[in-house]
Amino acid sequence: MNKKLLLNFLFTLFIMASGHSQNAFSLQEAIEYGLKNRTEIDLYNLDVRAAELDIKEYYAIGLPKINATGEYQHFLEIPTSFVPAEFFGGPPGTFAELQFGLKNNFTSGISLNTLLFDGSFFTGLQAQKLYRKLTKKSINQTNYQIIQGITESYIGVIASIDNIKIIENNLTNLEKALVETRALYENGFIEKLDVDRLELSYDNLVSQKASLERIQTLTKNVLKFQMNYPLKEDIEITQTLDDIVDKILVEEIDVVEKTDYSKRPEYENIQLGQELNEINLKATKMQRYPSLVGFGNYQYQLQRNNLFDSDEPGFFPISVVGLQLNVPIYNGGTVGIKEQKIKVDIERTAIQKENFEKGVDLQINNAYQQYLNAKQNVFSTKRRQSLAEDIYDVTQIKYKEGVGSSLEVNSAERELYTTQQQYIQALLDLVNAKIAYDIATGDIITTKY
């Protein structure tokens, strides 16, 4: 056995020993896969990166700016200036024409400018950092939505699987009864109508199974989409509806005395948005205050008629440092208008926050009541299913003993199928009610089903 075959063999043994296929997922594993592979997270990570770069770009505004300059001028005609002729002994009121400078001028230097004080800049820097934080928090909201979508899709797949299993069990039992009924008909104990009724029931179940299998394919595709799992690859579900219901029934849920709104990622975004509004208002107000800029400039200047004649004068230094103070006096009222607009945003966000809190309280209360109703319905439908099973068994016995009719058997059979479907739906309603409650309280992020 070569090395490659040996490795493949050992890998196959590992998969068989682990008992877990790479395409088989529990609900928690499906959620982890979805969180790891969702493209929305990649997009939000890029948004966070862009926000960080925006901060660096904005911060660079306040850093010193250093520039090197170089300039060469060759005067074909040296500029002429007029000065009073009496400076040189001429008559008053007349001017003498003079030419200052040399034909070649070369200047090189370096300049420095730096922001020393600007209140709106430093407040704006706080806003940039808060925006980065807000962008990061948006990832939490995306995770929240991913978990919600995967959980709901996974439960839909489980429900279709369990419904198919029930129909398969009923088909097995009905096929056995059909064989026995045909034997009774062939021996002259019953009419052909009794056989036809069972065959019709059997065909209906086969049709229902085919329909559920198509629905299962659709729900699996939705789950794959939510997980960002390849649509063309098969996916297996390792949990049953009973598994999840058992975990839910063990957990005790009490009505929330005081809602913790911070568990909802939307609420934190609202709060950060309000904080951003307040910082923007502060930054706008700071535009009324003076700003101070420091600058420095150091140059060397060369003036010669013959640029490369070393006997002529050489370089002469020129240097200057200073401060520039800008004092806003009147800006046409634009700052005041900006302040009013931001105050409107602050009031709007405050109302949105209050409405969100009221909406969450209502959502939690309704979800809690739906959970209680769904939980009670599980017990009642389970009892009805048990009664329907007993009735069906008794009618079968009576029919075989010749003291019951096929109509009674068909009626008991239909009632059994109905209660079975009702019980599955009750379990599904309970799981969905628990999910809705966890979504409302914000616990969907941490809950393990």
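Which number in (1) within 30 Å of Phe117 (Cα to Cα); (2) hydrophobic (A, V, I, L, M, F, W, C); (3) surrounded by fewer than 15 Cβ atoms within 10 Å (Cβ to Cβ) marks the one condition that Val335 misses?
Condition not satisfied by Val335: (3).
Inside segment 398-449, can you point out the residues that are among the hydroxyl-bearing types (Ser, Thr, Tyr), part of a helix (DSSP H, G or I) and out of contact with any Leu (no Cβ under 9 Å at 6 or more places or on another chain)?
Correct list: Tyr399, Ser411, Thr418, Tyr423, Tyr437, Thr441.
Within segment 291-321, track down each residue that is free of Cβ contacts under 8 Å to residues at least 24 places away in the same chain and part of a strand (DSSP E or B).
Phe315, Phe316, Pro317, Ser319, listed by residue number.
Pairs please, first residue from segment 72-96 and hydroxyl-bearing (Ser, Thr, Tyr) and surrounded by 11 or more Cβ atoms within 10 Å (Cβ to Cβ), second anywhere and modelled with pLDDT of 80 or more and assigned to a strand (DSSP E or B), Cβ atoms under 7 Å, 6+ apart in sequence or on different chains.
Pairs that qualify, where the first residue is hydroxyl-bearing (Ser, Thr, Tyr) and surrounded by 11 or more Cβ atoms within 10 Å (Cβ to Cβ) and the partner is modelled with pLDDT of 80 or more and assigned to a strand (DSSP E or B), are Tyr72/Phe106.
Being touching a Ser or Thr at 6+ places or on another chain (Cβ under 7 Å) and under 30 Å from Thr142 (Cα atoms) is the filter here, so list the residues in segment 41-98 that pass it.
Selection gives Ile41, Tyr44, Asp47, Val48, Ala51.
Regarding Glu233, is this residue under 30 Å from Ala30 (Cβ atoms) and modelled with pLDDT of 85 or more?
Taking the combined requirement at face value, the residue satisfies it.
If I filter segment 390-442 down to residues being modelled with pLDDT under 90 and among the aromatic types (Phe, Trp, Tyr), which single residue comes out as nearest to Ile155 (Cα to Cα)?
Checking each candidate, the answer is Tyr417.
Please work out if Gln28 is at pLDDT 70 or above, closer than 30 Å to Asn228 by Cα and outside any helix (DSSP H, G or I).
No; evaluated as a whole, the condition is false for this residue.
At least 1 residues that are in contact with an Asp or Glu (Cβ under 8 Å, 6 or more places away or on another chain) and farther than 20 Å from Asn306 by Cα in each: list the strands (runs of 3 or more DSSP E) lying fully within segment 43-110 that qualify.
Counting at least 1 such residues, we get 80-84.
Kindly indicate whether Tyr185 is aromatic (Phe, Trp, Tyr) and surrounded by 18 or more Cβ atoms within 10 Å (Cβ to Cβ).
In short, no.
Results for (1) surrounded by fewer than 19 Cβ atoms within 10 Å (Cβ to Cβ); (2) over 23 Å from the mean Cα position of the chain (by Cα); (3) under 30 Å from Leu200 (Cβ atoms); (4) without any contact (Cβ under 8 Å) to a residue 60 or more places away in the chain, shown as yes or no for each residue.
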| residue | (1), (2), (3), (4) |
| --- | --- |
| Arg384 | yes, yes, yes, yes |
| Tyr392 | no, yes, yes, yes |
| Thr395 | no, yes, yes, yes |
| Gln420 | no, yes, yes, no |
| Leu430 | no, yes, no, no |
| Asp443 | yes, no, no, no |
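Condition check ((1) among the polar types (S, T, N, Q); (2) modelled with pLDDT under 90; (3) in contact with a strand residue (DSSP E or B) (Cβ under 7 Å, 6 or more places away or on another chain); (4) more than 19 Å from Glu408 (Cβ to Cβ)) across all residues:
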| residue | (1), (2), (3), (4) |
| --- | --- |
| Val157 | no, no, yes, yes |
| Asn169 | yes, yes, no, yes |
| Thr172 | yes, yes, no, yes |
| Ala183 | no, yes, no, yes |
| Gly188 | no, yes, no, yes |
| Leu193 | no, yes, no, no |
| Arg197 | no, yes, no, no |
| Ser211 | yes, no, no, yes |
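Can you name the residue in segment 198-217 that is surrounded by fewer than 16 Cβ atoms within 10 Å (Cβ to Cβ) and among the charged types (D, E, K, R) and, of all such residues, is farthest from Val157 (Cα to Cα)?
Taking the candidates together, the pick is Glu199.
Pick from Lys220, Lys224: which is in contact with an Asp or Glu (Cβ under 9 Å, 6 or more places away or on another chain), free of Cβ contacts under 8 Å to residues at least 60 places away in the same chain and surrounded by 17 or more Cβ atoms within 10 Å (Cβ to Cβ)?
Lys224
Condition check: touching a strand residue (DSSP E or B) at 6+ places or on another chain (Cβ under 7 Å) and not small (Gly, Ala, Ser). Does Val327 satisfy that?
In short, no.
When segment 259-290 is examined, which residues are found to be farther than 30 Å from Asn366 by Cβ and of a type in the set (A, V, I, L, M)?
Leu276, Ile279, Leu281, Ala283, Met286
Quick test for you: out of Asn377, Asn280, pick the one residue that is within 32 Å of the chain's Cα centre (by Cα), surrounded by 12 or more Cβ atoms within 10 Å (Cβ to Cβ) and outside any strand (DSSP E or B).
Asn280
From the list Phe82, Phe106, which residue is at pLDDT below 80 and at negative phi?
Just a single option satisfies the conditions, and that option is Phe82.
Can you name every residue in segment 228-275 that is touching a residue at least 40 places away in the same chain (Cβ under 8 Å), assigned to a helix (DSSP H, G or I) and of a type in the set (D, E, K, R)?
Within segment 228-275, Asp242, Lys247, Lys263, Glu266, Glu268, Glu275 qualify.
The values are calculated or read from the model by the stated rules, or taken from the named source; none is laboratory data. Just so it is clear, the structure is predicted and the values come from calculations on it, not from any experiment. Every residue, glycine as well, gets a Cβ built from its backbone with ideal geometry; the counts of neighbours run over all protein chains shown.
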